[in-house]
Amino acid sequence: MSPSPASRRRPALPALLGAGLVGALLLSGPAAVADEGLTEESHNRYELRAKDSEVRATVTTTIGNVTPDRGLTYYYYTSYAIPVPAGAEHVRAVSGGVSLPVSLESTEDPSTRYAVATFSPLRYGSTRTIDWAFDIPGEPVRSKDYTRVGDGFATFAASGLGDAGRTTVEVVLPASMTFDATSDDFTTKRTGRTVTYTATENSDKDGIWAVVSARDPKKSDQKRVRAAGTTLTLQSFPGDGKWTRFVSRKLEKGLPALEDVVGRPWPGGLETIREDVSPKVLGYAWFDPGKDEIVIPEDLDDATLYHELGHAWLNPDRLSARWLSEGMTEVVAHRVVARTGGTSDPWKAPDRDAAVALPLSAWEANPGELDADVEAYGYAASYTVVQKLLGGLDDDAFTAVVSAAQAGESAYERPGSTDENYARTDWRRFLDLVQTRGGVDGAPQVLRTWVLDGDQRKQLRGRGEARDAYAAVDEADGAWQPPLGLRTAMTRWEFGDAKDVRSALGDAAAEAGAVQDAARRAGVAVPATVRGAYEDASHDEQYAALGSLLPQAAAVTTQVGRAVRAADADRDPVSGLGALALGVDRSAERARDDLAAGDLDEAAAHADAAADRSGLATVAGAGIVLLVLAVAAGAVGLVLRGRRRARDRGDGEGTAADPSVVQDPLEQGVVLPAPRDVEVPGRGADPLEAGPREHPL
């Protein structure tokens with residue numbers, strides 16, 4: 001459960017009225033234990049009568065005077081008081097079968113009065129048993145008296161005065177009703193249609209005091225509301241439509257605003273928002289993840305609603321310190337109120353030197369376990385601290401810090417990254433985030449003043465120097481992250497280890513920057529493997545390896561850049577032809593691919609090849625041109641010689657024309673095969689068709 005402030009303080013348990021006496025000595029003030037003059041024992045029973053919409057209370061007290069007489073002075077008591085709800089009716093007191101006079105006296109608490117019974121003097125060694133009875137009706141919603149009793153709900157104070165081990169408080173409810181109380185000491189026993197809840201452990205020196213809340217879920221007014229993609233059920237007191245309308249409107253506007261301010265989508269884990277008076281009495285509302293519900297008071301308070309909704313993100317599972325969870329959620333709530341046009345009443349800064357003041361790191365008790373003034377100080381101081389740290393940031397910076405804290409990010413990792421150094425946010429990680437992501441230089445002094453004890457302040461020693469040295473590394477290595485080993489040491493506040501890592505790295509950060517500069521000049525991407533080797537380095541062997549890897553990477557990157565520029569250079573036709581023939585582009589591309597793959601040796605080899613071949617491109621191109629010209633000239637010569645031979649054959653006297661071709665008189669030097677069906681002049685019949693012929697030997 002994540003409790004949050006709903007009002008400024010919890011009412012104190014009313015004290016026992018003083019006793020009367022005869023003699024020179026006056027006894028006054030509380031008298032709750034034997035050495036204070038009076039013993040007390042009580043049994044207190046509160047029974048909810050659903051049909052009558054009221055609570056019937058019966059109280060039996062037995063008091064004993066243990067103050068001895070002294071000479072002629074003797075001591076006696078003539079009155080006794082018990083606390084009752086301010087609206088209690090039909091208050092009666094009976095002792096020994098006789099009704100006692102009862103008067104009601106106001107207190108500082110608008111929900112409580114004293115019922116005072118008077119009787120004859122109770123002398124030393126005597127006891128008196130008084131049986132009380134009164135009815136507790138309900139008060140209207142949003143009245144100053146927190147007592148509520150109605151159809152299906154009841155909230156009231158169940159108290160009993162008495163010495164430790166001699167006090168009992170019982171609350172009897174219909175079995176259909178749920179039960180919540182400010183004390184965890186109640187045991188449960190069901191009998192038929194009712195359940196009795198019993199407490200026997202004193203909650204303080206005066207006895208038992210608890211606010212109980214009973215609800216019959218079937219008898220509440222319910223409305224389903226959809227906001228920011230989720231559906232929530234509102235449970236109000238029967239007939240309190242004003243509360244339902246208020247919460248509905250605020251949800252529809254405020255839940256999307258909360259997502260924006262926190263920087264993360266609605267995480268779920270909430271089904272019901274329930275109206276109750278208990279938060280007003282206790283001084284805090286609460287988010288109960290076990291029941292997936294928020295319990296807020298009937299007061300129409302924007303900040304309280306947004307505070308409890310904020311605990312869906314900002315809770316002890318995410319933030320390890322109570323002051324951090326409560327303070328951050330409260331500051332977020334008031335930002336959302338301002339963004340949605342509502343009004344709120346932020347906490348005023350408390351007096352750091354007040355008697356109840358304490359370092360907020362010590363404010364870790366469960367709600368209700370500390371004095372009401374200490375609780376009020378804790379809530380006010382928590383808000384004050386977070387507001388001092390984050391209140392001056394613009395929306396983007398504010399959300400960056402809150403989102404990172406909620407996610408458990410390290411300030412030394414990239415925003416949004418939880419792959420490395422992820423953990424629940426404590427005060428140290430929060431301080432790092434505030435300074436690194438928020439740029440709040442005065443943050444350490446705020447924590448010294450409000451949060452840290454003496455031992456924790458000592459942890460700040462050396463931090464500033466370590467952060468300055470880290471910043472120098474981060475500046476030198478450009479866009480890359482410093483090595484993992486250094487980031488981890490800084491995240492853990494192991495500043496001695498961080499110094500050792502920086503020493504082992506030597507000039508690696510500057511060399512990492514040189515690799516990136518070389519890549520920019522070359523117009524190529526930095527090898528991912530080289531960057532990974534630097535950023536992921538976490539032990540001495542890896543730090544040492546960077547000493548050779550990074551200079552080589554810078555040199556090879558420069559080589560590849562030259563090769564790429566050579567391949568892309570504007571060329572005349574001759575050198576372009578030579579570059580194509582020599583495969584300059586192909587070698588440069590292979591060098592680029594090898595570099596991207598992290599194969600520095602191959603990249604260097606192909607880059608050198610591309611550069612060398614680029615230098616020979618003109619010569620190679622000229623050679624190709626000459627070769628082509630030579631080949632062309634040879635071809636022309638062959639054609640001409642062929643023509644001359646053809647003419648020689650046609651004009652020669654001893655040369656007979658080939659009877660198998662027809663001479664084309666229009667195309668000299670070109671011969672065509674004669675068709676078979678054309679009779680060639682001077683050619684005899686086909687020897688295969690004419691039959692065998694004799695050939696002279």
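Overview of results
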read-out	value
Qualifying helices (runs of 4 or more DSSP H) (wholly inside the stretch 517-603; at least 2 residues being at pLDDT 85 or above and open to solvent by 20 Å² or more (accessible area, probe 1.4 Å))	528-535, 540-568
Search result, residues across the stretch 254-266 that are under 23 Å from residue 416 (Cα atoms), touching a helix residue (DSSP H, G or I) at 6+ places or on another chain (Cβ under 9 Å) and not β-branched (Val, Ile, Thr)	255, 257, 258, 260, 263, 264, 265, 266
So residue 123, is it over 23 Å from residue 279 (Cα atoms) and modelled with pLDDT of 95 or more	no
Within the stretch 303-339, considering residues that are of a type in the set (Gly, Ala, Ser) and either out of contact with any strand residue (DSSP E or B) (no Cβ under 6 Å at 6 or more places or on another chain) or modelled with pLDDT under 95 (or both), the one surrounded by the fewest Cβ atoms within 10 Å (Cβ to Cβ)	338
Enumeration of residues in the stretch 485-507 that are open to solvent by 30 Å² or more (accessible area, probe 1.4 Å) and either in a helix (DSSP H, G or I) or more than 18 Å from residue 411 (Cα to Cα) (or both)	495, 496, 497, 499, 500, 502, 503, 504, 506, 507
Flag if residue 54 is open to solvent by less than 10 Å² (accessible area, probe 1.4 Å), in contact (Cβ under 8 Å) with a residue 40 or more places away in the chain and of a type outside the set (A, V, I, L, M)	no
Test: residue 433 is in contact with a strand residue (DSSP E or B) (Cβ under 9 Å, 6 or more places away or on another chain) and assigned to a helix (DSSP H, G or I)	yes
Every pair of residues 6+ apart whose Cβ atoms lie under 9 Å, when the first sits in the stretch 259-276 and is free of Cβ contacts under 8 Å to residues at least 40 places away in the same chain while the second is open to solvent by 10 Å² or more (accessible area, probe 1.4 Å) and of a type in the set (A, V, I, L, M, F, W, C)	259/228; 259/266; 265/228
Residue count, the stretch 198-235 (criterion: of a type outside the set (S, T, N, Q) and outside any strand (DSSP E or B))	9
Flag for residue 236 being among the hydroxyl-bearing types (Ser, Thr, Tyr) and buried (at least 22 other Cβ atoms within 10 Å of the Cβ)	yes
Extreme residue, least open to solvent (accessible area, probe 1.4 Å), among residues of the stretch 428-443 that are under 14 Å from residue 460 (Cα atoms) and within 15 Å of the chain's Cα centre (by Cα)	430
Strands (runs of 3 or more DSSP E) enclosed by the stretch 65-137 - at least 2 residues per element that are open to solvent by 40 Å² or more (accessible area, probe 1.4 Å)	89-95, 102-106, 112-123, 127-136
The lone exception for residue 147 - which of (1) polar (S, T, N, Q); (2) open to solvent by less than 10 Å² (accessible area, probe 1.4 Å); (3) modelled with pLDDT of 95 or more it fails	(3)
Members of the stretch 314-332 found to be touching a Leu at 6+ places or on another chain (Cβ under 8 Å) and among the hydrophobic types (A, V, I, L, M, F, W, C), listed by number	321, 323, 328, 331, 332
Scope the stretch 66-87; condition under 26 Å from residue 164 (Cβ atoms) and either under 60 Å from the mean Cα position of the chain (by Cα) or of a type in the set (Asp, Glu) (or both); matching residues	66, 79, 80, 81, 82, 83, 84, 85
Residue that is nearest to the chain's Cα centre (by Cα) [pool: residues in the stretch 150-171 that are more than 30 Å from residue 38 (Cα to Cα) and open to solvent by less than 20 Å² (accessible area, probe 1.4 Å)]	155
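The values are calculated or read from the model by the stated rules, or taken from the named source; none is laboratory data. The structure displayed is predicted, hence computed values, not measured ones. Note that each Cβ is placed from the backbone with ideal geometry, even for glycine, and that neighbours are counted across all protein chains shown. To get the accessible areas, we keep the full protein, side chains included, count just its heavy atoms, and leave off ligands, DNA and RNA. Shrake-Rupley method; radii C 1.70, N 1.55, O 1.52, S 1.80 Å.
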